[in-house]
Structure formats: C-alpha cells, structure tokens
1. Which pairs turn up if I take residues in segment 45-61 that are under 16 Å from LYS8 (Cα atoms) and look for partners that are hydroxyl-bearing (Ser, Thr, Tyr) and part of a helix (DSSP H, G or I) with beta carbon separation below 6 Å, at least 6 apart in sequence or on another chain?
2. State yes or no: is ILE83 modelled with pLDDT of 95 or more and touching a Phe, Trp or Tyr at 6+ places or on another chain (Cβ under 8 Å)?
3. Got at least one residue in segment 18-32 being at pLDDT below 95 and touching a Pro at 6+ places or on another chain (Cβ under 8 Å)?
4. On the basis of being modelled with pLDDT of 95 or more, at positive phi and either of a type outside the set (Val, Ile, Thr) or under 14 Å from the mean Cα position of the chain (by Cα) (or both), does ASP60 make the cut?
5. Given the conditions (1) surrounded by 12 or more Cβ atoms within 10 Å (Cβ to Cβ); (2) over 13 Å from VAL16 (Cβ atoms); (3) at pLDDT below 95; (4) not charged (D, E, K, R), which single one is not true for ALA75?
Amino acid sequence: MRKKDDNKFFPIYKEVGRRIAFFRNLRGLSQEELAAKIDISASHLSKIEAPNIQISFSFDMLLLIAEGLDIHVAALFAPVETISVHFSNQSLNPDL
C-alpha cells in the first residue's frame, strides 16, 4: 500500500483552477454566473479557482465545469496557447 500524500497533486489542481478562471473570464462570466449555470455554489467554484487551493475536486466536477464553459475538458489540462482547438467552431465564430 502506498503512503498517502494529501498535498501531492495540489499544484495540478492549482493549474486547473487557474485555467477554469481563464476560460470563465474569456466567456465573460462571473463566478456567480458560472456557478448558477452548472448548479453549484459560487463559494465552491471560488475555492476551486483559488490560487491557494486546499481542496480536491472530482472529474465529474471538471466535466460539469467544462460543459458550463462550452469547452472540451481537455482544455483544462492543455497549455493556454492551444485553447482554440478546445472551442467549437460556433463558439469561435458565431457566423458559422
């Protein structure tokens, strides 16, 4: 059995939270608006996005957030420079 290390993955959670905030701001949504859209509390979303994150969150939560942001969940793990591939064509160009 491996030794439990509660803080081992917090740097990854921090990066994912940062990307969530990035895409939320790109969409022009407040934390309250996104939270309402995906039916979670704004407080919970705030904790996920916090730079000093001290909580973990499930993959289901990531899928829910990605759906609310209209992005592919992979965008939350990809370098920001590659964001355009994670948006649908309609999201990038409403005239399509």
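1. Within 6 Å, the pairs are ILE53/TYR13.
2. Details: modelled with pLDDT of 95 or more: no; touching a Phe, Trp or Tyr at 6+ places or on another chain (Cβ under 8 Å): yes.
No: the conditions fail for ILE83.
3. yes
4. Values: modelled with pLDDT of 95 or more: yes; at positive phi: no; either of a type outside the set (Val, Ile, Thr) or under 14 Å from the mean Cα position of the chain (by Cα) (or both): yes.
Taking the combined requirement at face value, the residue does not satisfy it.
5. (2)
The values are calculated or read from the model by the stated rules, or taken from the named source; none is laboratory data. What you see is a predicted model, and the numbers here were worked out from it, not measured in a lab. Here Cβ is always computed from backbone atoms with ideal geometry, including for glycine, and neighbour counts include all displayed protein chains.
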